[in-house]
Amino acid sequence: MSLTVEETKARNHELIGEVLQAYPEKMAKKRAKHLNVFEEGNSDCGVKSNIKSIPGVMTIRGCAYAGSKGVVWGPIKDMVHISHGPVGCGQYSWGTRRNYYNGITGVDSFGTMQFTSDFQEKDIVFGGDKKLEKVMDEIQTLFPLNNGISVQSECPIGLIGDDIEAVSKKKSKEFDGHTIVPVRCEGFRGVSQSLGHHIANDAIREWVFDKADGKHATFQSTPYDVAIIGDYNIGGDAWSSRILIEEMGLRVIAQWSGDGSLAEMENTPKAKLNLLHCYRSMNYISRHMEEKYGIPWVEYNFFGPSKVEASLREIASHFDDKIKEGAERVIAKYKSLTAAVIAKYRPRLEGKTVMLVVGGLRPRHVIGAYEDLGMVVIGTGYEFGHGDDYQRTTHDVKDATLIYDDVTGFEFEKFVEKMRPDLVGAGVKEKYVFQKMGVPFRQMHSWDYSGPYHGYDGFAIFARDMDMAINSPVWGLIKAPWKS
């Protein structure tokens, strides 16, 4: 028998209390601030966020280096990104997020290649500046078609005081003004990868925008120029989004980081409107462009037809009737496609429940796509969200939804065990835990090697994947503990 909203709230509060009882008193008091049950009318989900994780718990956060190198800078395809420090971080970042790109790897594109200065003990003692210079010389010799270099500093760099800015300036002059960007994204900075996003945005402002004036003097602007910012083209997401934006009559002059180039970044201040997909990672540079260049920005959500439709109209509202008519034309064009997808998959997914814990924008952005399929998100939370992320989440979650910030491994397993969702969507670290428990799972950081999920084409793939996860016959061979 299904519970009423009030009964669900009471049960979820009781569940939070039960989980907290397992902790020492001091830790329970701290973690209680990060767990809540959403009440309609609450403006911020009622949880604390962007606070340092408690030592000893299994957090699923990353570090500032991961936020800069793995998210913002790494997908810029025509630049070489040096992981400056010991080999471990560069090796770990080899597991890329499937940021698809056009180009020839190793010739004019380097998105799936990893470069490290491979610090040894003597570099820690004597400094790595000379080694960094040598690495840059080798890059220019081996990969002469690179359009720029970034230096992604690892923890030891900040601890020993290497002057990566001085090295970057020196080598840039030697290489005839070649763009070299030092990024102070040492992993120990901040409380999570979120600060790495901010640091990376600041580096774009100072080392790309501020030095690009007049660099592309032949650029011809139009009234319909836009930039896609914060779409990382996971599985081709940005491409499926770009199709719709261009079909409505706009011209995409820049798209980054996914399939992005240095020239596109440099051209972005010429846009008439910035289209921001991942608010958490790129709102900083969008706000800067609004303040310095007067470029407005708008958030959009291309997960699921309901959100795509609303976003197309919101984008069009910033332009004239030609673009507004174009948006309606695009919406009408894909009506039959989305209707067919929903007709096929909704009967198989209606009423199925989902629990999410992901980074970036996904804990709120994907809710509408699930709802288009008749599914219900009963719990959601961010790995590294801030207060403004949770404020935005209030527009998408339903009354009595369980909210958890920086959820620990223990907490999330207990929540899933007690709430018994039909599907869990989280990261690769959680994937095998829940599959071994017999719970259907989708890896929602990089789409479990599928995608795209953005746009109308992406929705068809999203629906297929959710159906495949939940209704696979494999679950007849392994059962969740509560079904045994």
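The values are calculated or read from the model by the stated rules, or taken from the named source; none is laboratory data. Since this is a predicted model, take the numbers as computed values, not measurements. Neighbour counts run over all protein chains shown; Cβ positions are idealised from the backbone, glycine included. Only protein heavy atoms, including side chains, enter the accessible area calculation; ligands, DNA and RNA are left aside. Shrake-Rupley method; radii C 1.70, N 1.55, O 1.52, S 1.80 Å.
Observations, loosely collected:
- For first residues located in segment 31-51 and part of a strand (DSSP E or B), partners that are aromatic (Phe, Trp, Tyr) and at pLDDT 95 or above and lie 6+ apart or on another chain with Cβ distances below 7 Å form the pairs Leu35/Tyr404.
- Counting only strands (runs of 3 or more DSSP E) wholly contained in segment 200-313, the ones carrying 2 or more residues that are of a type in the set (Val, Ile, Thr) occupy 225-231, 251-257.
- Of Gln152, Gln140, all but one fail to be open to solvent by 30 Å² or more (accessible area, probe 1.4 Å) and outside any loop (DSSP other than H, G, I, E, B); the exception is Gln140.
- If you go through segment 201-218 and keep only what is surrounded by fewer than 11 Cβ atoms within 10 Å (Cβ to Cβ) and either of a type in the set (Val, Ile, Thr) or modelled with pLDDT of 95 or more (or both), you end up with just Thr218.
- Extreme residue, surrounded by the most Cβ atoms within 10 Å (Cβ to Cβ), among residues of segment 30-64 that are under 30 Å from Cys155 (Cβ atoms) and charged (D, E, K, R): Arg31
Residue-by-condition table, conditions (1) under 24 Å from Gly196 (Cβ atoms); (2) of a type in the set (A, V, I, L, M, F, W, C); (3) out of contact with any Cys (no Cβ under 7 Å at 6 or more places or on another chain); (4) open to solvent by less than 60 Å² (accessible area, probe 1.4 Å):
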residue: Ser240; (1), (2), (3), (4): no, no, yes, yes
residue: Arg251; (1), (2), (3), (4): no, no, yes, no
residue: Gln255; (1), (2), (3), (4): yes, no, yes, yes
residue: Gly260; (1), (2), (3), (4): yes, no, yes, yes
residue: His277; (1), (2), (3), (4): yes, no, yes, yes
residue: Ser306; (1), (2), (3), (4): no, no, yes, no
residue: Lys324; (1), (2), (3), (4): no, no, yes, no
residue: Glu328; (1), (2), (3), (4): no, no, yes, no
residue: Tyr334; (1), (2), (3), (4): no, no, yes, yes
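- Pick from segment 333-361, criterion assigned to a loop (DSSP other than H, G, I, E, B) and farther than 26 Å from Ser2 by Cβ, ranking: nearest to the chain's Cα centre (by Cα): Gly360
- Residue check for Tyr334: under 24 Å from Gly374 (Cα atoms), at pLDDT 95 or above and not acidic (Asp, Glu): yes
- Any hit, segment 70-84, residues being closer than 30 Å to Arg11 by Cα, in a loop (DSSP other than H, G, I, E, B) and aliphatic (A, V, I, L, M): no
- Residue that is surrounded by the most Cβ atoms within 10 Å (Cβ to Cβ), among those in segment 94-127 that are touching a strand residue (DSSP E or B) at 6+ places or on another chain (Cβ under 7 Å) and in contact (Cβ under 8 Å) with a residue 40 or more places away in the chain: Asn99
- Selection status of Val376, modelled with pLDDT under 95, open to solvent by 10 Å² or more (accessible area, probe 1.4 Å) and either touching a His at 6+ places or on another chain (Cβ under 9 Å) or within 25 Å of Ser43 (Cα to Cα) (or both): no
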